[in-house]
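This report concerns only the one structure given below.
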Amino acid sequence: MQLAAPPVAAYTGGVSGIPATRPAIGEKVDLGSSAAKAYRAHLKSERQRTQKRAGLTAGDAVYEYDVAFSGYAARLSTAEADVLRRSPDVLAVSKNTVHKADTISTPEMLGLTGRGGVWQREFGGPAKAGLGVIVGVIDSGIWPENPAFAALPSPRPDQRVIDAKWRGTCQSGDESDPARRVTCNNKLIGARYYTSGSLDETNPGEFRSPRDFNGHGSHTAGTAVGNHDVDATMEGRKVGDASGMAPAARLAVYKALWDQGGGSSGSTADLVAAINNAVADGVDVINYSISGSTSSFVDPVELAFLNAANAGVFVAASAGNSGPGVSTVAHNSPWITTVAASTHDRGYEKSVTLGNGATYEGMGQGPAVPSSPLIDSVQTGLADAPATEVQLCYSGRLDPAKVTGKIVLCLRGGNSRTDKSLAVRQAGGAGMILYNNPDNSVNADYHFVPTVHVNSAAGLAIKAYAATPGATASLSASTQLKVRAPEMAAFSSRGPALAGNGDLLKPDITAPGVDVVAPVAPPGNNGRTWDAYSGTSMSSPHIAGLAALMVSENPGWAPMWVKSAMMTTAGQTDNTGQPIQRAGAPATPLDYGAGHVRPGRAYRPGLVYDSAYPDWIRFACGNGAVGAACDQYGSIDPSDLNYPSIAVGDLAGKQTVTRTVKNVSKLPGVYEAKVQAPAGTTVTVSPKRFVVLPGKSVSFKVTVSRTEAPIGQWTFGSLTWVNKAGANGLISSDVRSPIAIRPVAIAAPVEVDTTGVSGSTALSVTSGYTGTLTATPAGLVPSAIDRLHLVGTETEFDTGAPAAGPAVGKVTRTVPAGTRLARAATFDADLPEGTDIDLFAYRAGTSTLVASSAGSTAEEQVTLAPGSYDIYVVQFATPPGTSELDVPHHSWIVGDTAAGNLTATPPSQAVTRGEPVTVTAAWTGLTAGARYLGLIAYGDGAARIGQTVLAVTA
């Protein structure tokens, strides 16, 4: 029932003796004011008057509203409802209905549904969307009983195509219990699992089969290729009609991740085996929602994917969840499509109102909670429960005697968000307020008690109030609405990429990755078969599924054509027409790459940027890789890779890059360059206009020159090729490439790794000025080695409360003021294959994490500024059959002093803006077997302007 009297937020006056309560523009409702209190009392009397007229009592109302809505909800007979409808004090009587989340609405948001959507336009309907394509998902397995993976109607129109390419198998698992096995069908056509990494032994409840325990694998598989129009239910309630991106595609799962007690992890050995099998089995697309290196193109996984792409397999990988910090993006190889995470346009608002009248808006699902006692989780712990786990609301850590009937304030982090609400429910709590600190995404999860998720500022204010005697709070019911989207998720990792020094723009693209509803596995999800997850793990399968659609429509397209088509047709604005946002400010290509995927435009890109194995080798060799392949193929400046984006991470004055486009349409194209130059630069394109016939290619050059762009700061623009022949059904109109530029005073190799007790290396250096260049050596210094005897593995190292243990070594280092380079590292070469070591550096004596390196091997390093540090060396995994290892921990402190074993020649030379010169670094007299670190410092005659790090294994 909606009353005719307006709510507090809309009341502008008129009731005798009660001033207006509507806030001014930019202000919030002040429920603590005398006017608001008086008006709320007035509304209460209005509600009671209408209830009395219909013969209702106060107990008949299930909710009462007076701030953003004026009225109440009650269970009524038809006669009672009719009485209220005729009441002059009642504006409207509305039937209660169920508002469902769509999948789920990402297919609709991405333009796949409806008469004009991709499914209908390109395939004739969702039943055919993805025919003939096999998607391999390397993850934590599959829950095959979920209807998203049920058998497809037979006979299949693409069966002959599938039979011709599929060479895989279905490993059911060799356990005696049939319930733990996996059975395949014509949807789930393949399943494998990998145990050599021994991570399957961590959780005794895990399934030694392709069956999913954790849920992550089922979620990613369902998002990519789940069946169309499947009922998604949670807690017995339907929450939407689910569909994967390519519902007619086939699925093969490769279980290489194993539940570690909440999260899943996989060993390099298992992961590379899974990639190898997937390619051999005949998959067309791989989704890899798993972490990766931020600093290397050539670790085993990236190299396996190089060959997968070379074999014609499209690979989508998650960019990482380490945002919003800079240079946190992983999977920086050009042969992989690296996917950032953004929001979709389905939102659920929910608010918390405190007993002091303050109201804070947040996100959340579910019903309201009337005014109840409020308690901070830090006050609710059982005796001897770890304080950190109490604050984070871990199950079994909250005291029912303190929680029952109360709303509990819980800090985000550690365990999953929904596990916190489960802990509150288990302790008898009435509701939960979940808060970020530091800020991160705000999510409308499907919790076990009514929950409001708020940002850091609101959470800290609520925390302060919760410390006052008699604190109370109430939670509103959720309201579904369309929200501004996409917006970059706070957790989404961003560039510039450490690997390649920013000469390749990563991530490549963004897709929905927040509150995505998809299938999960009941054992790891409190019995649920569907749930909402957030992460770049969720955005990556969107791109994988969309790639499957494009491969189905264009079976002859190479993976890089598919990637190029998505990137050059991506969007940079949200559904309001404004720039995509991140934390209230316009996002940049370092956040989203080319932009947000727009599938409908990608099928007719007109032009594509192609690259292949020789190009990727030249790119890697140009980034410092060495070996026989570099001898065979040579190298290129990384910025010259024929990529759909243009990035120069070290623009010294000016630089010219070359690109080639191929016409993949059936009509000739007449294209003209449209340039938006990055601020503080000029950009010229040659030629500015060209004609290209179907199947033919054209090359062009792009020259970027710095004018006033600040040194060391990124600036962004774009190059768009506009088809002057006009868009039509066979060709798109625009082919857009983002441009990302970082001017530098000097462009020089960031680091050179080399070997030998003596030797030399030539360094190509380009200045951003005309004048004098000086080169001065510092070091080389040998590493200080701490040999740590580590026993067992530690897969759940608590980064919030670091501690040494049998599998965790601790080293304390002090870096003096004036140090030019300090580093700690471990190396694959020092340890048996299959070892995984992680490094975490903290301010000495604190839990303040300042640096970490946690890749999938033992090759880890962290760089440290002056100060004192506790460095924890974590043995995450050991080779099969090995339970303890002696782990060498290396550290170096390099000052300004030359050690007499390193020279730089010439020490001074004349340079011209934008023109390269050579500086030769030479070393001698090193001790065989030691690892050395030093640097060549560059100056302009007045100040230090850059350096090249030199790492030498003697």
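Rounded to the nearest 10 degrees, the angle from helix 536-553 to the longest Cα principal axis of the chain is 80 degrees.
If you plug the beta carbon distance of T658 and R85 into 1/(1 + (r/R0)^6) with R0 = 51 Å, you get a FRET efficiency near 0.10. Between the helical axis of 216-225 and the longest alpha-carbon principal axis of the chain there is an angle of about 90 degrees. According to the calculation over all Cα-Cα pairs in region 745-954, the P(r) per 10 Å bin from zero is 9, 31, 29, 20, 9, 2, 0 %.
Taking 4.7 Å between C-beta atoms as the pairing limit, the chain has no partnerless cysteines. The listed peptides 791-798, 546-553, ordered by packing as a protection proxy, come out as 546-553, 791-798 (highest mean of other Cβ atoms within 10 Å first). When both bridge partners sit in region 346-482, DSSP labels roughly 60% of those beta bridges antiparallel. Across the chain, the mean sequence separation of Cα contacts (distance under 8 Å, 6 or more residues apart), normalised by length, yields a relative contact order of 9 percent. Model label points for S371 and D439, set 7 angstrom from Cα along the Cα-to-Cβ axis, are 3.2 nm apart. Distance between the 7 Å Cα→Cβ label points at E175 and D631: 5.0 nm. Taking a label point 7 Å from the Cα of T846 along the Cα→Cβ vector, which residues of region 446-479 have an amide N closer than 13 Å to it? Correct set: none at all.
When each of the peptides 478-487, 909-918, 333-342 is scored by how many other beta carbons lie within 10 Å of its residues on average, the order from highest to lowest is 333-342, 478-487, 909-918.
Shown is the FRET efficiency for T57 and D384, computed with R0 = 45 Å from the Cβ-Cβ distance and rounded to the nearest 0.05: 0.40.
Remark: spin-label model distance N310-V326 equals 3.5 nm, labels positioned 7 Å along the Cα→Cβ axis.
Of the beta bridges DSSP finds with both residues in the chain, what % are antiparallel, to the nearest 5? Within the chain, antiparallel bridges account for around 75 percent of the total. Principal-axis analysis of the Cα atoms of the chain puts helix 300-310 at an angle of about 90° to the longest axis. Here is the size of region 147-229 from its Cα atoms: Rg then Dmax, 14.4, 43 Å. Fully extending the segment from T755 to K674, taken as 0.36 nm per residue of separation minus the present Cα-Cα distance, adds 24.4 nm. Determine which residues of region 622-652 fall in the zone a paramagnetic label at F690 would reach in this model, i.e. backbone nitrogen under 13 Å from the point 7 Å along Cα→Cβ. In region 622-652, the label zone of F690 (backbone N under 13 Å from the point 7 Å along Cα→Cβ) covers 642-643. Pairs of Cα atoms nearer than 8 Å and 6+ residues apart set the relative contact order; for region 745-954 it is 39 percent.
For H889, the residues whose modelled amide H falls within less than 5 Å of its own, excluding neighbours fewer than 5 places apart on the same chain, are D786, R787, L788.
For region 654-750, run through the trypsin sites (Lys or Arg not before Pro) and keep only the ones in DSSP coil with at most 14 other Cβ atoms within 10 Å of their Cβ.
Details: sites: K654, R659, K662, K666, K674, K688, R689, K696, K701, R706, K724, R736; in loops: K666, K688, K696, K724.
Sites meeting the loop and neighbour criteria: K666, K688, K696, K724.
Taking Cβ atoms as reference points and 9 Å as the exclusive limit, the residues near F876 contribute a net charge of -3, counting Lys and Arg as +1 and Asp and Glu as -1. Among the listed pairs K506/K688; K255/K350; K506/K696; K165/K662; K37/K238, those whose Cα-Cα separation exceeds 31 Å are K255/K350; K37/K238.
If R₀ is 22 angstrom, what is the calculated FRET efficiency for the pair R22 and A457, using the beta carbon separation as r and rounding to 0.05? Numbers along the way, then the final one.
Values: r = 24 Å, r/R0 = 1.07.
After rounding to 0.05, the efficiency reads 0.40.
The structure-derived value of semi-axes √(5λ) of the Cα gyration tensor in Å appears in the list (i) 39, 36, 27; (ii) 50, 45, 31; (iii) 49, 34, 31 under the label (iii). Taking each DSSP H run with n ≥ 4 as -39500 (n - 2.57) and averaging over every residue of the chain yields -5000 deg cm²/dmol at 222 nm. Bridge orientation summary for region 645-744: considering DSSP beta bridges with both residues in this region, about 90 percent are antiparallel.
All of the numbers you see were taken from the coordinates with simple rules; none came from a lab. Keep in mind that what you see is a predicted model, and the values were worked out from it rather than measured. Cβ atoms come from the backbone with ideal geometry, glycine included; neighbour counts cover every protein chain shown.
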